[in-house]
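Read the structure below first, then the notes.
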Amino acid sequence: MEVRKLNSNVSVLQPKKSQTPNPNHNNHKKVVHRRRMAMIGIIFAIILVVFGVQIFNAHRTYANTMEQIEVSKQKLDKQKSTQRDLKLEVNQLHDTNYLEKYIREKYMYSKPGEQIYNLPDDVKTTTIQK
């Protein structure tokens, strides 16, 4: 809209005279829109890549942590088993019959007047060949 002043103090609004449309103007608008859409797409892709890398790193860290937990659980189970065995052995060592048997086997201890004969662990039968 164009404002035209008359001789008096009153102004009258009149529409602008239409100029011939510039054909390059529409083409320029399309180029600008394409450029904007490309920039938005590039920014969106960058954001997706950044978040994807973060998710991947979080997943890898989670998997490593779970693996460490499994290894720790296995070590714990092994230690608990060892502890049970040691407690059982302590309880057995309080028993005099077991203690005597253990000392005889391990340290070759004998009662006075008793003879000990050692036999090999793997007794193999020999065959005579003719």
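The values are calculated or read from the model by the stated rules, or taken from the named source; none is laboratory data. Model, not experiment: these values are computed from the prediction. Methodologically, a virtual Cβ is constructed for each residue, glycine included, from the backbone with ideal geometry; neighbour enumeration extends over all protein chains shown. The protein model used for the area step is the full one, side chains on, heavy atoms only, and it has no ligands, DNA or RNA in it. Shrake-Rupley method; radii C 1.70, N 1.55, O 1.52, S 1.80 Å.
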Set of aspartates and glutamates near Lys16 by C-alpha distance (under 17 Å), chain-local residues within fewer than 8 positions excluded: Glu2
Heavy-atom accessible surface of region 51-102: percent carbon and sulfur, 1.4 Å: 57
Cβ-Cβ FRET estimate between Leu119 and Asn91, R0 fixed at 35 Å, reported to 0.05: 0.75
